[in-house]
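The values are calculated or read from the model by the stated rules, or taken from the named source; none is laboratory data. It should be emphasised that the depicted structure is a prediction, and the values quoted were computed from it without experimental measurement. When we count neighbours, we look across all protein chains shown, and the Cβ atoms used for this are built from the backbone with ideal geometry, even at glycine. In case anyone asks, the SASA skips ligands and DNA or RNA and just uses the protein heavy atoms, side chains included. Shrake-Rupley method; radii C 1.70, N 1.55, O 1.52, S 1.80 Å.
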Amino acid sequence: GVGTMSKAASLWAHLRESVMGNEGVKTLAGCLYFGATIHCAREYLFDITLCSGPSMLPTLGVQGNIVLLDAVTPKMHKIQAGDIVIASSPNNPSNSICKRVCGVGGDVIEVAPGHSLQKVRHEVVPRGHVWLQGDNLSNSTDSRSYGAVPIGLIRGRVFCRIWPLSEARWFKTDPGCCRGW
């Protein structure tokens, strides 16, 4: 009864004092707090990533550009045509893709033929999806091959290139960029 309770309370007080007084545990707790803060910032506020490959030429270079992502815009469903985004690949979710949004839910996209035997086709972007295309249409695997992409696959909107430093710049939404392709 009462003796067991006081022993348990005494043991708990001893454990609390020894743990709270231990510098190693305080350091570990600080590291966990720091890690959790960084995770939340990257998941819900902003991120940094490397973009490489030819699909976004001339906007982004082949050798690799380090860009900053705004993670708030996709979570608030504020992605617009003209935004450059990083998304999980619909073909291989462990890979990321960098593309431009050319249409959002309800938009009708005119898809140019892949070769001379095909006809122009029109695609309606479903609600909750976006139409993604690379700026370099001749060398981009995008919505023309895999269709509209769920907004939930978008990790962030690219708003700034920080590397190479000589090409650092801000990116603005360009709603007219996909017209005329």
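The set of residues in the range 101-123 being in a loop (DSSP other than H, G, I, E, B) and in contact with a helix residue (DSSP H, G or I) (Cβ under 9 Å, 6 or more places away or on another chain) consists of G105, A112, G114. With respect to the conditions (1) assigned to a loop (DSSP other than H, G, I, E, B); (2) surrounded by 13 or more Cβ atoms within 10 Å (Cβ to Cβ); (3) at pLDDT 95 or above, Q80 lacks only one, and its number is (3). Of all residues in the range 84-100, those that are assigned to a strand (DSSP E or B) and in contact (Cβ under 8 Å) with a residue 60 or more places away in the chain total 7. Listed by first and then second residue, the pairs linking a residue in the range 59-83 that is closer than 8 Å to R157 by Cα to a residue that is assigned to a helix (DSSP H, G or I), with Cβ atoms under 7 Å apart and 6 or more places separating them unless they lie on different chains, are A71/E43; A71/Y44; P74/I151; I79/T73; I79/I151.
Among residues belonging to the range 148-181 that are among the charged types (D, E, K, R) and in a strand (DSSP E or B), point out the one that is farthest from the chain's Cα centre (by Cα). Here the answer is R169.
For the range 144-153, state whether one or more residues are out of contact with any Leu (no Cβ under 7 Å at 6 or more places or on another chain) and charged (D, E, K, R). Yes; the residues of the range 144-153 include at least one that is out of contact with any Leu (no Cβ under 7 Å at 6 or more places or on another chain) and charged (D, E, K, R).
Results for (1) modelled with pLDDT under 75; (2) in a helix (DSSP H, G or I); (3) within 22 Å of H129 (Cα to Cα); (4) within 29 Å of the chain's Cα centre (by Cα), shown as yes or no for each residue.
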{"residue": "S6", "(1), (2), (3), (4)": "no, yes, no, no"}
{"residue": "E17", "(1), (2), (3), (4)": "yes, yes, no, no"}
{"residue": "K26", "(1), (2), (3), (4)": "yes, yes, no, no"}
{"residue": "G35", "(1), (2), (3), (4)": "yes, yes, no, yes"}
{"residue": "I38", "(1), (2), (3), (4)": "yes, yes, no, yes"}
{"residue": "I48", "(1), (2), (3), (4)": "no, no, no, yes"}
{"residue": "I66", "(1), (2), (3), (4)": "no, no, no, yes"}
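Taken together, the criteria place T59 among residues that are touching an Asp or Glu at 6+ places or on another chain (Cβ under 8 Å), modelled with pLDDT under 95 and surrounded by 13 or more Cβ atoms within 10 Å (Cβ to Cβ). Apart from one condition, C178 fits all of (1) in contact with a Cys (Cβ under 6 Å, 6 or more places away or on another chain); (2) free of Cβ contacts under 8 Å to residues at least 60 places away in the same chain; (3) open to solvent by less than 90 Å² (accessible area, probe 1.4 Å); the exception is (2).
Taken over the range 126-147, the criterion of being open to solvent by 30 Å² or more (accessible area, probe 1.4 Å) and either in a helix (DSSP H, G or I) or among the aliphatic types (A, V, I, L, M) (or both) is satisfied by L137, S138, N139, R144, S145, Y146.
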